[in-house]
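Below is one structure, written out as structure tokens; comments come after it.
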Amino acid sequence: MFPESVRIVEVGPRDGLQNETGIVPLAAKVALIDALSEAGLSTVEVGSFVSPKWVPQMADTDEVLHRIIRHQGTRYPVLVPNLKGLDAALAATRVEEIAVFAAASEAFSRKNINCSIAESLDRLAEVTEKAKDHGLAVRGYVSCVLGCPYEGEIPVARVAEVAEALDAMGCYEVSLGDTIGVGTPLKARAMVEAVAERVPVERLAAHFHDTYGMALANLLEVLRMGVSVVDSSVSGLGGCPYAKGATGNLATEDAVYMLNGMGIHTGVDLDKVCAAGAVISATLGREPTSRVARALGGKGG
Ligand code: HMG
Ligand code: MG
């Protein structure tokens, strides 16, 4: 009924740190990514090549890529919105994978990337084609799959259309983003059912922000449906700069604790993730958001 193993995609260094009001020092970013690799995360999203005027927090992504210690078998993708971002990624140190992002909401698309959904898909088709020509793997994101901060309810058919478009252009996986964390389990199920009619469930990932505390419940529901890739953020860092009030992703510590308890293999060392979360939280001057990290009190599991 549940998958035997789950691949966790750690998005904290990108989705988390992009939303900080201050700029996190380069050394702290590198130390965080190194600690996450050391904790056994097989994918760690490093940063993004977006406009530094829009998201100044990610402006040093090329330097981060240069300094991190890469682990054998670990993937270090970066987010890319357009050809300019792709060219920057190709010029950077050892980028082997990018992630492109579109939205299921017109209003959010305009706020986040300054164009319509259709324009963004045309743009991303070019990006994906060129990236693949250069031998890069491409992952796709759909935002606002369970609701939009500007439009409210989003029809599941529109989520399915955008996911299908990303799949058709050659994304090896499509990550379904509840950007503002408003989803509840049965809505998450209905959304994944609609998408899975167009994109096989084996190529779908769950990306649930935890604004309303629903992310674990939603995850459990979609695991039952065969989703086996989960995006999460150490210490629950994050949000989206263009989705006001949205908090971080499902915390990696919480995901790993639940999956461990269910006997589902992740390859992630809970003690080490908690330690990485404690360090970055101290750097940011706050307690980890993760309930599990707090319960374990920095002692690990
Ligand atoms: P624009 O202003 O429409 O772009 O922004 P433009 O093409 O008109 O160019 C304007 C200026 O930006 C020019 O510079 C370009 O060179 C520069 P100027 O001539 O004025 O000096 N520019 C760039 N610079 C660096 N890198 C680039 C780049 N592109 C243009 N790649 C753009 C359009 C897409 C660039 C902008 O809207 C942008 O950067 N948006 C990114 C927003 C973002 O990063 N959001 C957060 C990530 S998405 C997310 O968090 C959701 C996710 O987690 C899933 C979920 O939770 O739902 C993935
Ligand atoms: Mg996100």
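Brief remarks on what is shown
- Within the set Tyr150, Tyr212, Tyr141, the sole residue that is of a type outside the set (A, V, I, L, M, F, W, C) and assigned to a strand (DSSP E or B) turns out to be Tyr141.
- Single residue of segment 133-167 satisfying the filter (away from ligand 2 (no atom under 16 Å from the Cβ) and among the β-branched types (Val, Ile, Thr)) that is nearest to Val230 (Cα to Cα): Val138
Let's see how each residue does on (1) in contact (Cβ under 8 Å) with a residue 24 or more places away in the chain; (2) out of contact with any helix residue (DSSP H, G or I) (no Cβ under 7 Å at 6 or more places or on another chain); (3) away from ligand 2 (no atom under 16 Å from the Cβ); (4) under 19 Å from Ala39 (Cα atoms):
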{"position": "Gly226", "(1), (2), (3), (4)": "yes, no, yes, no"}
{"position": "Ser235", "(1), (2), (3), (4)": "yes, no, no, yes"}
{"position": "Tyr242", "(1), (2), (3), (4)": "yes, no, no, no"}
{"position": "Gly245", "(1), (2), (3), (4)": "yes, yes, no, no"}
{"position": "Asn260", "(1), (2), (3), (4)": "yes, no, yes, yes"}
{"position": "Lys272", "(1), (2), (3), (4)": "yes, no, yes, yes"}
{"position": "Ser281", "(1), (2), (3), (4)": "yes, no, yes, yes"}
{"position": "Arg286", "(1), (2), (3), (4)": "no, yes, yes, no"}
{"position": "Gly297", "(1), (2), (3), (4)": "no, yes, yes, yes"}
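- Subset of segment 104-123 (residues that are closer than 22 Å to Leu136 by Cα and either open to solvent by 10 Å² or more (accessible area, probe 1.4 Å) or in contact (Cβ under 8 Å) with a residue 40 or more places away in the chain (or both)): Leu121, Asp122, Arg123
- The number of residues in segment 228-284 that are open to solvent by 30 Å² or more (accessible area, probe 1.4 Å) and in a loop (DSSP other than H, G, I, E, B) comes to 10.
- With a requirement of 3 or more residues that are crowded, with 23+ Cβ neighbours inside 10 Å, the helices (runs of 4 or more DSSP H) lying completely within segment 1-103 that satisfy it span 26-38.
- Failed condition for Glu119, given (1) more than 27 Å from Val30 (Cα to Cα); (2) touching a strand residue (DSSP E or B) at 6+ places or on another chain (Cβ under 8 Å): (2)
- Candidates Val127, Val159 - the one that is over 29 Å from Leu219 (Cα atoms) and in contact with a strand residue (DSSP E or B) (Cβ under 8 Å, 6 or more places away or on another chain): Val127
- For segment 139-158, the criterion of being within 22 Å of Val95 (Cα to Cα), open to solvent by 70 Å² or more (accessible area, probe 1.4 Å) and modelled with pLDDT of 95 or more is met by none of the residues.
- Cβ separations smaller than 6 Å between residues 6+ apart or across chains give the following pairs from segment 165-177 residues that are under 14 Å from Ala118 (Cβ atoms) and in a helix (DSSP H, G or I) to residues that are within 12 Å of ligand 1 (Cβ to nearest atom) and of a type in the set (Gly, Ala, Ser): Leu166/Gly140.
- Close pairs from segment 82-98: first without any contact (Cβ under 8 Å) to a residue 40 or more places away in the chain, partner assigned to a helix (DSSP H, G or I), Cβ under 8 Å, at least 6 apart: Ala88/Asp62; Ala91/Asp62; Thr93/Asp62; Thr93/Leu65; Thr93/His66; Arg94/Leu65
- Selection status of Ser51, polar (S, T, N, Q) and within 16 Å of ligand 1 (Cβ to nearest atom): yes
The values are calculated or read from the model by the stated rules, or taken from the named source; none is laboratory data. Please read these numbers as outputs of a predicted model, since none were measured by experiment. Quick reminder, even Gly has a Cβ in these numbers, built from the backbone with ideal geometry, and neighbours come from all protein chains shown. Keep in mind that these areas ignore ligands, DNA and RNA; they rest on the heavy atoms of the full protein, side chains included. Shrake-Rupley method; radii C 1.70, N 1.55, O 1.52, S 1.80 Å.
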